[in-house]
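These notes are about the structure you will find just below.
The values are calculated or read from the model by the stated rules, or taken from the named source; none is laboratory data. Everything quoted here is computed from the prediction, not taken from an experiment. Every residue, glycine as well, gets a Cβ built from its backbone with ideal geometry; the counts of neighbours run over all protein chains shown. Note: accessible area is taken over every heavy atom of the protein model, side chains too, but ligands, DNA and RNA are not part of it. Shrake-Rupley method; radii C 1.70, N 1.55, O 1.52, S 1.80 Å.
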Amino acid sequence: LSDSIGGSFSASSHRCHHKQKHCLPIPQCGTLSISPLLFHPHTKGSQIIMDTTQKAVKRQASFCNAITFSNRPIVIYEQVRLKITKKQCCWSGALRLGFTSKDPSRINPDTLPKYACPDLVSQSGFWAKALPEEFANEGNIIAFWVDKKGRVFYRVNDSPAMLFFSGVRTAEPLWALIDVYGLTRGVQLLDSEIIPPDCLRPRSFTAIRRPSLRRDTEDTRLSVSLCDLNLQEDAFHVTATTCPIPQNSLNSQHSHLLPSQLESDLRFHLLRGPHVKILDDQTVARLEHAREERTLVFTTRPLRINETIFVKINKSNAVRTGTLSYGVTSCDPSTLRPSDLPYNPESLVDRKEFWAICRVLVPLQSGDILGFMVNSDGELHLSHNGAGIGMQVCADCSQPLWMFFVLHGAIMQIRLLGSTTLAERLGLSAPSSPSSTPNSPTVLCSGVSGPLLSTCGSGPLCSSISGTGPNSPSSLPESPISPSVSGPWVDECTICYENVVDTVIYSCGHMCLCYSCGLKLKKMANACCPICRRAIKDIIKTYRST
């Protein structure tokens, strides 16, 4: 025997399904008198943790493997009500909602796929779609239900009901399907209610108006207002659509680039340029003006020393030229007015506060992740998709520093994913690492090996740097002989931290690499010494006499 989605299942659990089944009748308006709606206790994704009441679930890790079902069939017009209890901003996509005609008790949990969309919905008897990301905020209450014509509707809090998708077969029992995916980390089932059409919105069934289509803010999905539908017109039909596949592969990429734990207290400040809009609980900044004139956005709080901030390029336009600018300032955004923000952000360096600004010169595209970290020496380091780029600017870290961004050119939208003090996760080495001493620049490449091995940034990457503080801009060491080489002998390679140091860099003379990492580093464009950042002309393998 096999289960409902093709997995093996014991013969003792087999049930006969030759009789025709019908959904439960529609009771009167009001609260259900049948058994409470709970999560199915056994059929759930491998990452799902469920409380003892079977009303709350949480995804313990990753962004997927979190499919859940209801414990009993739902009733036509029964509103499945969920409260979003936890959000994790580092992922793309959000809650997937739908129904299935497959009894979850007959599904082997081990055969559940990672994703409801597109994996489950590509099979017969499963229907689901993604909730728009802007509705996936903590505290929001989502209700969804199916009508007798197989159309699925949803509402957020007290908003008007919206058509979600259609095509559900209602001639057989239906269980609720909930995939705790992406941004959504935890949900709680509230008491379900049956509200037939006459109790929903009476005017929405008598008004005959042209359906209005409202475009989602971040993708091409369309939602149709229930108020604008003439639901007695049988000819109206909306084709069910599945979730876009790229989110799954994009999240898989992110899971390798980001630390397992991210702090989510960092937001964009409400003070912003008039041509940029702040969305999604102040975590998204979107360009709102074609001429890109005043698009400054700030963080809500100062940066912490050795804190790495992760920013995702949500949307880019390859047709346009230009890139993302960023910087740090000692100016508290709360003391500024929108009229204080100039058309040219580089003119900010003429203010009395400390301002430093530069641009990301590596090519950026949608889905890229940037990491920014200011160490105790005031050096701001940058990484791109896990690869260290180098020190970009020096700042006066003796005073609080807010970070700011300027959207222009190809960069249309960015998202703050969160922050962490685990600086070495993306190759942002902390000052206490073996490769760095108080008198030497923090080595961005330290701790990176294999495919993430990267050269440190060189001068051209900082060509747009401007500053107005005593420590800006920073100059590189004039001589290869610097105090950074003093101190105890370091046996470990400053890149892989595994092999013994046995290679001298020519012409600076620093000895900080194993021969294998030295060869890889030498082959890279703009290769530089991890200690003094001078160009590498050659590497020389050495042999110890003892």
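Between K83 and V500, residue separation times 0.36 nm minus the direct Cα-Cα distance comes to 144.7 nm.
Principal axis analysis of the Cα atoms in segment 489-545 yields extents of 30, 20, 17 Å, listed in decreasing size. Given +1 at the Cβ of Lys and Arg, -1 at the Cβ of Asp and Glu and no other charges, the dipole of segment 39-196 around its Cα centre is 120 debye to the nearest 20. Here the simple spin-label model places points 7 Å from the Cα toward Cβ, and for D281 and I49 these points are separated by 1.8 nm. Note on N526 and E263: the model spin-label points, each 7 Å out from Cα along the C-beta direction, lie 3.0 nm apart.
If a/c stays under 1.5 just call it rounded; otherwise compare a/b with b/c (prolate if a/b is bigger, oblate if not). Do that for segment 39-196, with a ≥ b ≥ c from the square roots of the Cα gyration tensor eigenvalues. Taking the square roots of the gyration eigenvalues as a ≥ b ≥ c, segment 39-196 is rounded.
Extension gain, Q60 to E353: 0.36 nm times the residue separation minus the Cα-Cα distance gives 101.1 nm. A Cβ-based charge dipole, computed about the Cα centre of segment 268-421 with Lys and Arg at +1 and Asp and Glu at -1, lands at about 440 debye. Rolling a 1.4 Å probe over the protein heavy atoms leaves V362 with an accessible area of roughly 40 Å².
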